[in-house]
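Read the figures in this text as sums done on the coordinates, not as results from a lab. These numbers were taken from a predicted model, which means no experiment stands behind them. Glycine gets a Cβ as well: all are built from the backbone with ideal geometry, and neighbour counts include every protein chain shown.
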Amino acid sequence: MPPKIKKFLWRVCRGCFLTRARLNSRGVSCPTDCVHFNNNYEDSIHVLIECPKVVQVWRDANLWDKIDSVLRQDYNIHAFIFTCLQNFQQGIVNLWPRLYGAFGRAGT
């Protein structure tokens, strides 16, 4: 797995992935709504799992059913990441540019 993906997942697991909610909790004055859908609170769970743009990427890759079944068992970001790494690591690596773009972040 490329180092930038490992670093990204590490940041999510450690709670230091800079979502709007995280920035706001650190004193940065910014809206906490999703970049794409103004009525959704942008935290790590929303960015990786709940945002409709990201859900569509997971669906296009035929991985959403697997992800959804994981979330029905244990709805937390750590279980989600562990299961993704354990079961479809290569799928995530291949999807990285699309996923990262759906997050609304610059670069790949």
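Report the trypsin sites (Lys or Arg not before Pro) located in region 1-107 that are in a DSSP loop and have at most 14 other Cβ atoms inside 10 Å of their Cβ, or state none. Loop-located and lightly packed - 26, 105. Computed over the chain with a Gaussian network model linking Cα atoms closer than 10 Å, the most mobile of 51, 16, 30 is 30. Using the Cα coordinates of region 40-83, the gyration tensor eigenvalues translate into equivalent-ellipsoid semi-axes of 15, 15, 8 Å, sorted from longest to shortest. In plain terms, the residue of 100, 41 with the fewest other Cβ atoms within 10 Å comes first and the most crowded comes last, giving 41, 100. The modelled label-to-label distance for the pair residue 74/residue 59, using points 7 Å beyond Cα in the direction of Cβ, is 2.7 nm. For region 3-102, the square roots a ≥ b ≥ c of the C-alpha gyration tensor eigenvalues yield an a/c of 1.5 or more together with a/b exceeding b/c, which makes the shape prolate.
For the pair residue 28 and residue 94, the difference between a 0.36 nm per residue extended length and the Cα-Cα distance amounts to 20.4 nm. Dipole of the chain computed with +1 at Lys/Arg Cβ and -1 at Asp/Glu Cβ about the Cα centre; of 1, 24, 101, farthest Cα towards the positive end is 1. Our estimate of slack between residue 41 and residue 11, defined as 0.36 nm per intervening residue step minus the Cα-Cα distance, is 8.9 nm. Taking 37, 17, 80 as the candidate residues, the one with maximal mean-square fluctuation in a Gaussian network model of the chain, Cα springs under 10 Å, is 37. When you restrict to C-alpha pairs under 8 Å that are six or more residues apart and normalise by the size of the chain, the relative contact order lands at 24 percent.
In the chain, helical runs assigned H by DSSP with n ≥ 4 each contribute -39500 (n - 2.57); averaged across all residues and rounded to the nearest 500, the mean residue ellipticity at 222 nm is -18500 deg cm²/dmol. Counted by neighbouring Cβ atoms within 10 Å, the residues 65, 33, 43 run from fewest to most as 65, 33, 43. For the chain, the longest principal axis of the C-alpha atoms and the axis of helix 3-14 are separated by about 60°. Taking the Cα centre of region 3-102 as origin and assigning +1 to Lys and Arg Cβ atoms and -1 to Asp and Glu Cβ atoms, the resulting dipole is close to 460 debye.
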